[in-house]
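The values are calculated or read from the model by the stated rules, or taken from the named source; none is laboratory data. Because the structure is predicted, anything quoted here is derived from the model rather than measured. Because the Cβ atoms are built from the backbone with ideal geometry, glycine has one as well, and the counts that use them run over all protein chains shown.
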């Protein structure tokens, strides 16, 4: 967050450089930059979830979540036996959230 006052690009680049110290995968660097930008926006009082598409668009304006990333996504429901929420369930729940 030290670099946040220097602007979006400077702070995201700093996050990438710091991630490079421990992660060899460029995807990890970008993920760190995105997370850093979301935290910066949250601290600025903006909506980090609502800002997610904008932040990802800075990296790749044509980005779409690949189906293979969510095909096997499931979230166990503690206390509900073997019930899990699948990707489609999570999307439906998110769409019902007040905006």
Failed condition for residue 44, given (1) under 21 Å from residue 5 (Cβ atoms); (2) at pLDDT below 80; (3) surrounded by 14 or more Cβ atoms within 10 Å (Cβ to Cβ): (3)
Cross-chain or 6+ apart pairs with Cβ under 8 Å, segment 78-94 first and farther than 16 Å from residue 67 by Cα, then assigned to a loop (DSSP other than H, G, I, E, B): 83/77; 84/77; 85/77
Positions within segment 1-19 being surrounded by 14 or more Cβ atoms within 10 Å (Cβ to Cβ) and assigned to a helix (DSSP H, G or I), in sequence order: 4, 8, 11, 12, 13, 14, 15, 16, 18, 19
